[in-house]
1. How much length is gained if the chain between ARG196 and ALA231 is pulled fully straight, taking 0.36 nm per residue apart and subtracting their Cα-Cα distance, in nm to one decimal?
2. Give the Kirkwood hydrodynamic radius (Å, one decimal) of segment 297-383, defined as one over the mean of 1/r across all pairs of different Cα atoms.
3. What percentage of all Cα-Cα pairs in segment 121-229 are separated by more than 24 Å?
4. For a label point 7 angstrom out from the Cα of ALA334 toward its Cβ, which stretches of segment 1-21 have the backbone nitrogen within less than 14 Å?
5. So what's the net charge close to GLY52: Lys and Arg +1, Asp and Glu -1, counting the other residues with Cβ under 13 Å from its Cβ?
6. At 25 °C and 0.890 mPa s, what whole-number value in µm²/s does Stokes-Einstein give for the translational diffusion of the chain, with Rh from the Kirkwood sum over Cα pairs?
7. Taking a label point 7 Å from the Cα of ASP286 along the Cα→Cβ vector, which residues of segment 300-332 have an amide N closer than 20 Å to it?
8. For the chain, what's the relative contact order in percent, using C-alpha pairs closer than 8 Å and at least 6 residues apart?
Amino acid sequence: MKIVIIGAGQVGGTLAENLVGERNDITLIDTNADILRDLQDRMDLRVVTGHGSHPDVLKQAGAEDAELVIAVTSDDATNMIACQICYSLFNTATKIARIRSAKILRYQDQLFQQENIPVDHVIAPEQLVTRDIARLIDYPGALQVLEFARGKVSLVAVKAYYGGLLVGHALSTLREHIPNIETRVAAIYRNGRPIRPLGTTVIEADDEVFFIAASKHIRAVMNELQKLEPAYKRIMIAGGGNIGAGLARLLEKNHQVKLIEHSPKRAEYLASELDGTLVFSGDSSDQELLVEEHIDQFDVFIAVTNDDEANIMSSLLAKRLGVRKAMVLIQRSAYIDLVHGSNIDIAVSPQHATISALLTHVRKGSIDNVYSLRGGAAEAIEIVAKGNERSSKVVGRTIAQLKLPPGTTIGAVVREDEVIIAHSDTLIEAEDHVILFLVNKKYISDVEKLFYVDPLQFF
């Protein structure tokens, strides 16, 4: 696929890295020649220095015959104009724009249409991060919660702790512990390395376990791997930007929420906008302030300012002062590795959320959802089985009959409203939503080929 990416920042660079190894023809546009030169030295791609909203730059990048243009600069206007030019001058088939402004997103249904601003898919990082954090609040103890098939089934990552009912036991005993609930372990990471989950695999403390189950059964399965945590009730949010305000608005209905905002003017505005959130102005890394606000009585501290260092420091301080859980928003990927192993419980990356959303639209075939995991090394995907027994390599076959790539696990199949946890004898039918976990994303093209429908054999 010929793809033009506008913007070589963290998102654009990471996206190019994800796609360049999958036999895609990638051209990257940015105004910073040094960044482009560095990326070109590391990857097999073309680069064009210039403004991504200028017609001559887009033409030089090959927008005329590109199948997909992805505009992910830090400026919403540039992203929108680039999509408009690709539509008006080059008739580009698919155009994706990253939009961060909440004021623009408020009118996205009216704005982003062919007759107005021809953007085919809008990616809103702040909304994605808000959604991800809200899921973690709903499932105390989870490291990640990924939803598929419109929320019917979830893939959840948890850390196995001493005292968990399944720790020290083989996976085959899971059915004995919860005989009325179907679940499957899709992957296990031990000391950062993947382990193939077999019935004889023994769960050890500190294992990171990815399991899949119907969403209504998630808490019951989590209880087998770790002592089930009580629900989060009291939440403190540091940072009153788009993410902080969105989170407060979402959580204040069912939780006690306090929000710390550094700017007095912004704090005053949020206090008038939010109904059930107590907003005050201050420095979230001020120890006296956190003590005065009784941080030790809160269940969760969520740092979502625009400053990575401030988020990390305030979260570490909150943990030292007694908060139960600390979540931190981190923009720089290098910092995420630093946080692992610290007292901070969960690091959330806008880049990872954005990349996952973008990959959903980039992947070939009938892919409904893609989640980039483990720093981009692994992926969880939802793909719809199309065709019939003649035209498809999966329809009408059991999972045991499929030639799955190495390290690939089918966790579940969703058939209309029914969630079927995958077993070797599970039969795949047309229009089934199949949820797969790939330990190594380099095999994604093999999965796409497996689900390819041969139009010559359809009838």
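Coordinate-derived values only; no laboratory data. Here the structure is a predicted model, which is why all the values come from computation and not from measurement. Methodologically, a virtual Cβ is constructed for each residue, glycine included, from the backbone with ideal geometry; neighbour enumeration extends over all protein chains shown.
1. 9.4 nm
2. After inverting the mean inverse Cα-Cα distance, the result is 14.1 Å.
3. Above the 24 Å cut-off, segment 121-229 has 23 percent of its Cα pairs.
4. Once the point is set 7 Å along Cα→Cβ of ALA334, 10 turn out to lie under 14 Å by backbone N, inside segment 1-21.
5. -1
6. Value of D from the Cα-based Kirkwood radius: 104 µm²/s.
7. 301-323
8. Computed value for the chain: 10 percent relative contact order.
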